[in-house]
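The values are calculated or read from the model by the stated rules, or taken from the named source; none is laboratory data. Predicted, not measured: the structure shown is a model, and the values here were computed from it. Note that each Cβ is placed from the backbone with ideal geometry, even for glycine, and that neighbours are counted across all protein chains shown. With ligands, DNA and RNA removed, areas are computed over all heavy atoms of the protein, side chains included. Shrake-Rupley method; radii C 1.70, N 1.55, O 1.52, S 1.80 Å.
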Amino acid sequence: MIRLTLASMATHRRIWIGALLVAIVASAALSLAAGVVQTGVDMLALDPADLVRSSGLTELPPGFDQAQAAQLFFAAYASLGAGVVVVTSVAVVSVVNTVTNLTVELQRREYALWQLAGVSPRRITAVVRLQIALVSAVGGLVGGFSGFLFVGPVLDWALGSASGLPRIPVVYTAVDALCCVAVVVLLASFGARRSTRAAGRVLAIEALRGPSRSATRMTATRWVLAVAALAVAVLGIGSSGSVPLGDAGSNAMYGALAAVVVVVAVAPVLTPLVLRSWTALVPPRRSASWYLARNTVRYDLTRSTSTVTVMVIAIALPAVLTAVDTVTGSASAAGAGDAPASGGALGLQALVLLVGGAIATALGGATASVSMSSSVRDREHALIRSAGGTHGGVVLTALSEAVVLTGTALIEAVVVVLVVGVGLTTVLASGHPLVRPDFGIPVLSVMCLTAFVLVALATVVPTVLALRQRLVPLLAAD
């Protein structure tokens, strides 16, 4: 079984390298969250006098002793730390689950060939699960232990700008790194349990055609997750107007995060609908490249939905959290009698700490999901060339495919940001009439452009390299 496991991974190395890179980035993101948690735990053991001294306070407010001040410091740190852990965890769970399942789906033809060669369904499932565990463990080790290089400097830089927090030593240990490895392995193995079980039941007819072209189905788990996340989103944003502004920001942040989870959960239903609707605005006769790219994306909905889902996380998550921060910041300024603020309550460094790991994981997942499918795309483009298509037309088709994927993700992200921005502003307006709406447009634009560039590179570069190869080997490839 070991020989079969390693031989299959070598044959489909593009796919497994993509899964490995996602495991590395996810583990690295988790290491940052683990550093936040471990530093907070050690903070409890510090002497209150040392905390007060490191915060720069020269005089305590009336009625406060050093122990009470230390409790306030820890509460502020715990609030920021909880946000980092939750945001990072949501992104890591979503991306690892999506990419791991795509890894299995792209190799369905391989599993059908194994069955024809006499490999039992139970052994196929065991091999696939071993492959996933092996890749996620290696990636987790690399990402987790790379945390020793950046967790300390990043947390020092981010926490140094946070008002009201003392300067505390950052702690990240080998145990934290191993915990990150364990989490990545568990997420990958648990998230792919359904697809790995299905891998052993692939029909032999799959050996006569390419990878699975069916759309990902809405399972009962997805429906439950969507309903639960929707309830959390409504409760988090709806309750923001009835609590102090300090708590309103936290409630709204978790509500906005839940809104993103709703879109991720219903992606198998939402993404094909959005994709068909907006791409139909360009008539087929206007551009042959657009027509081919649109139909390629629509034809392989498993691959497309996976890519769009992680791109939505990369674009929507930082934009919606920035919008929430800016809206609550304007309400705070208006409540204090100042002009509504144009910025948010969080500093830039704290905001980067909050969403940095999630952004890196989502962008890595989007790039990997596209590059993992490059072998399938090479054969599709070879068919275009065999039908008389030019090299320039093939490259333009690949670029159009990146536009289709990015545009679909952008539309879904904009819907999330608009709903959260309008909803939060409406809720807060009853108690703070001068509150200003915000939709995180600068962050939305930057993240959309970044995602497009990465996906375009992952699409176009393999296409250009494949154009140098002869048609016959490409058409004969799996």
For Tyr77, solvent-accessible area (1.4 Å; no DNA, RNA or ligand), Å²: 10
Exposure of His12 as accessible area (Å², to 10), given a probe of 1.4 Å and all protein chains: 30
Ranked order, Thr390, Thr39 - accessible area, probe 1.4 Å, largest first: Thr390, Thr39
Added length on full extension, which subtracts the Cα-Cα distance from 0.36 nm per residue, Thr11 to Thr219: 71.8 nm
Ser277-Ala133 pseudo-label distance in nm [points 7 Å out on the Cα-to-Cβ vector]: 4.4
Alpha carbon centroid spacing (whole Å) that separates region 77-109 from region 261-310: 22
Leu20, Leu428, reordered so the largest accessible area comes first (probe 1.4 Å): Leu20, Leu428
Pairwise Cα inverse-distance average, inverted: Kirkwood Rh of region 99-194 (Å): 16.1
Surface accessible to a 1.4 Å probe, Leu457 within the full protein complex, Å²: 100
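Starting from 0.36 nm per residue, how many nanometres of slack lie between Val446 and Ser120 once their C-alpha separation is accounted for?
In short, 112.5 nm is gained.
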